[in-house]
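Novice: To start, I am sharing the structure in question, which I have written as structure tokens.
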Amino acid sequence: MTNLVRFEPLFTEPFDDLFRRMLKPVRWDLEGLPKDIRVDVRETDTAYTVKADLPGVKKDDVKVEIDGNVVTISAESREEKDVKEEGKLVRSERYYGSLYRSFSLGHDVDESAATAKFTDGTLELVLPKKATSAVKTLAIH
């Protein structure tokens, strides 16, 4: 009868930890730039109010599309940062990225009556619901 023994080198964990730390990606400080679009949606009987946080994004870089009950918010974010020490440039960073968020609402939106306001990095949409046609009951003769 043969006994199987699992091979476990003595220094496996320290080397694993060392390599994980060495191969960890470096992340420079790009504060203020959103990683995604955070959205709050409130519903009333007649409309939806959507608030989206877009810190560091300019008004001209935001786009909103409405298709029936699907709302899509997209934005371009960018930042350029120079770090200087003693008047010499030590590091220069540039970040350009796209943000995208799409979601469905319970009712179709009346695009012609929708409004948008962008203030201090917050997008606020007021999306009126489309009037639904009343269901007509037919009398059977």
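The values are calculated or read from the model by the stated rules, or taken from the named source; none is laboratory data. Nothing here was measured: the structure is a model prediction, and the numbers come from that model. Glycine also receives a Cβ, built like all others from the backbone with ideal geometry; neighbour counts cover every protein chain displayed. All accessible areas refer to the heavy atoms of the entire protein, side chains included, with ligands and DNA or RNA removed. Shrake-Rupley method; radii C 1.70, N 1.55, O 1.52, S 1.80 Å.
Novice: Being at pLDDT below 70 and closer than 30 Å to Asp120 by Cβ, is that true of even one residue in the range 35-47?
Specialist: yes
Novice: Restricting attention to the range 99-111, does a residue exist that is assigned to a strand (DSSP E or B), open to solvent by less than 70 Å² (accessible area, probe 1.4 Å), of a type in the set (S, T, N, Q) and at pLDDT 80 or above?
Specialist: Yes: one or more hits.
Novice: I've got another one for you. Glu86: surrounded by fewer than 14 Cβ atoms within 10 Å (Cβ to Cβ), within 29 Å of Lys129 (Cα to Cα) and out of contact with any Lys or Arg (no Cβ under 8 Å at 6 or more places or on another chain), yes or no?
Specialist: Here the answer is no, as Glu86 does not meet what is asked.
Novice: Now for a separate question. For the range 112-136, give me each residue that is farther than 24 Å from Asp61 by Cβ and open to solvent by 80 Å² or more (accessible area, probe 1.4 Å).
Specialist: Once the filter is applied, which keeps residues that are farther than 24 Å from Asp61 by Cβ and open to solvent by 80 Å² or more (accessible area, probe 1.4 Å), the range 112-136 yields Ser112, Lys130, Ala131, Thr132, Ser133, Ala134, Val135, Lys136.
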